[in-house]
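Enquirer: Before anything else, here's the structure in question.
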Amino acid sequence: MHKKLFIPGPTEVRDDILNAQAQPMIGHRMKAFTALYTGIVSKLQELLQTKNFVTVLTASGTALMEAAIRNCVSKDVLCCTYGAFSERWLKIAKACDRNADAIALDWGKVVKPEMIEEKLKAKKYEAVTVVQNETSTGTRAPIEEIAEVMKKYPDVLLLVDTVSSLMGDKIEIEKLGIDVCVSSSQKCFALPPGLAVGIVSDKALKKAENVPGKGHYLNLLDLKAYFDKKGQTPTTPAISLMWAMDKQLEKIKAEGMDNRYKRHLEMAHYVQDWAKKHFDLYTEAGYESVTVTCINNTKGISVADLNTELGKRGYAISNGYGKIKEQTFRIAHMGDLTLDEVKEVIKNIDDILKL
């Protein structure tokens, strides 16, 4: 039995998108692929209202997080940490031998713009890393206010992980001045895993010209040069996934981005109202995610047993992540899921737990 996924990735993928992968194979140096790939890039630019360089890499979003560090930081970077994935920025920076300082907060808390400004006043950094939507804690960082502070420091790049929010939460990349925006196919895009999406500002590309050790596969300048010259990727891409992305972007365009944002907000409010009634939210109040709700297990239920019972009914939710695995559980409401489907899974949880 197929279990409908209410987990924070991979998310539920509709049959027509899965079937789009079964188109006959083409060569990645053929004109047909150039048409496919340039079409994807232009659709992404249109949907995200940006003229910035867009790349779709065959990789997970983590690869583009590393690309952002390797291309945009030669020495000093400030990493804001308040969950597993914001801590990943810090780990990546250190693994790339950069000098990484952290604004280290408890999980579930969120970095505030004044915290970042205090650090930027005290030391010259090349970049600041932020996770806009912390999947492990269901926390939405105040990226709009952070962006306003960053505009006072035009020499400092803003590197943002939107892996579990882009295409579900409204993120005005150019308006906010995000220099590298990173996302993945298996979250709000409602696609299979395997593609990473990067939106890179001219400022970030200019910075990359003077950063040594960018590596080969993740060299943003090489990716841009190859695209500008040939409309392709330098290395062999996951062509089948590209077919699926192309079809999905057409569907997203038909739905309309504002309608998509509204649907995500409606689902989030429904789940969060339910969670506050029966349990409690893990995240700091006022900073709730639009795409995934992290719930404090105040009743001490067995999430594993709940998921086993849900599985028999054709649903799956997620346990907590990392060090809060046992004390929380998560319900995702992202991608192509609808409010009716969310109500359906909540109704089944109520029935199983006798709430």
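Enquirer: Would region 259-271 turn up any residue that is among the aliphatic types (A, V, I, L, M), assigned by TED's automatic domain parsing to the domain that holds Val197, within 25 Å of Glu341 (Cα to Cα) and part of a helix (DSSP H, G or I)?
Expert: No: zero hits.
Enquirer: Scan Gly168, Gly177, Gly138, Gly213 and give me the residue that is more than 29 Å from Gly27 (Cα to Cα) and at pLDDT below 95.
Expert: Residue meeting the stated conditions: Gly213.
Enquirer: Have a look at Gly322, Gly256, Gly286, Gly335 and point out the one that is modelled with pLDDT under 95 and within 24 Å of Ser183 (Cα to Cα).
Expert: Gly322
Enquirer: For region 243-256: of the residues being within 20 Å of the chain's Cα centre (by Cα) and of a type outside the set (D, E, K, R), which is farthest from Gln186 (Cα to Cα)?
Expert: Gly256
Enquirer: Further question: If Asn259 passes every condition in (1) surrounded by 13 or more Cβ atoms within 10 Å (Cβ to Cβ); (2) under 21 Å from the mean Cα position of the chain (by Cα); (3) among the polar types (S, T, N, Q) but one, which one does it miss?
Expert: (1)
Enquirer: Any residue that is assigned to a strand (DSSP E or B), assigned by TED's automatic domain parsing to the domain that holds Gly335, farther than 28 Å from Ala35 by Cα and touching a strand residue (DSSP E or B) at 6+ places or on another chain (Cβ under 9 Å) - is there at least one of those in region 278-285?
Expert: yes
Enquirer: Still on this model: Of all strands (runs of 3 or more DSSP E) completely enclosed by region 126-234, which ones contain at least 1 residues that are within 29 Å of Ala20 (Cβ to Cβ)?
Expert: 157-161, 180-184, 195-200
Enquirer: Is it the case, given these coordinates, that Glu114 is among the charged types (D, E, K, R), surrounded by fewer than 22 Cβ atoms within 10 Å (Cβ to Cβ) and closer than 24 Å to Ile173 by Cβ?
Expert: Criteria met by Glu114.
Enquirer: Oh, and also: From the list Lys224, Lys251, Lys230, Lys262, exactly one residue is under 30 Å from Glu126 (Cβ atoms) and among the basic types (Lys, Arg). Which is it?
Expert: Just a single option satisfies the conditions, and that option is Lys224.
The values are calculated or read from the model by the stated rules, or taken from the named source; none is laboratory data. Everything numeric here is computed off the predicted structure, so don't read it as measured data. No Cβ is skipped: glycine too gets one built from the backbone with ideal geometry, and neighbour counts run over all protein chains shown.
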